[in-house]
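Read through the structure below, which is laid out as structure tokens, and then see the notes.
The values are calculated or read from the model by the stated rules, or taken from the named source; none is laboratory data. Since this is a predicted model, take the numbers as computed values, not measurements. Cβ coordinates were reconstructed from backbone atoms using ideal geometry, including for glycine residues, and neighbour counts include every protein chain displayed.
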């Protein structure tokens, strides 16, 4: 609790106890309003950044309008030649792929920072559910 000084109609000054939750409400409302005002530009910025990063990684131009940005402005998604990429507001870019064995679910690759990372995600990374087996043929079963 904190106190606020108030003056009544007769000119007397009094101290009123104000619960901190009421004081906090003002700054919270301001923060929420700022967030809501930033959403349209934030979503557009994410789509534009994703399109630019796709160009750097693939050499392909993707319109920012072809990318989806979620309502909260936290992520943008775009597909390129059957590959799905997600860009999070913090700048993390990942590839999304289903399980290499059962082809269900959605898994995110390690962060993609450059073409080599993208190459790893495209060529080597094989996400699996806990109960699915890796059937890439590299396992030698001749010794069984």
Exercise for the section: Go through the residues of the range 102-118 one by one and say whether even a single one is surrounded by fewer than 16 Cβ atoms within 10 Å (Cβ to Cβ), in a helix (DSSP H, G or I) and modelled with pLDDT of 95 or more. Expected result: yes
Practice task
Out of the residues in the range 52-74 that are over 15 Å from residue 38 (Cβ atoms) and touching a strand residue (DSSP E or B) at 6+ places or on another chain (Cβ under 7 Å), state the one that is surrounded by the fewest Cβ atoms within 10 Å (Cβ to Cβ).
Solution key: 60
Fill in the blank from the handout: Flagged pairs (Cβ under 7 angstrom, 6 or more apart or on separate chains; first in the range 57-86, touching a residue at least 12 places away in the same chain (Cβ under 8 Å) and at positive phi; second surrounded by 11 or more Cβ atoms within 10 Å (Cβ to Cβ) and assigned to a loop (DSSP other than H, G, I, E, B)) are 73/89
Handout entry: the range 61-92, subset within 16 Å of residue 108 (Cα to Cα) and outside any strand (DSSP E or B), residue modelled with the lowest pLDDT
Key = 90
Problem - Of the criteria (1) part of a helix (DSSP H, G or I); (2) at positive phi, which one residue 48 fails - result: (2)
Completion exercise
Cβ pairs under 6 Å, 6+ apart or interchain, first in the range 27-53 and without any contact (Cβ under 8 Å) to a residue 24 or more places away in the chain, second assigned to a helix (DSSP H, G or I), ordered by first then second residue, are 48/64
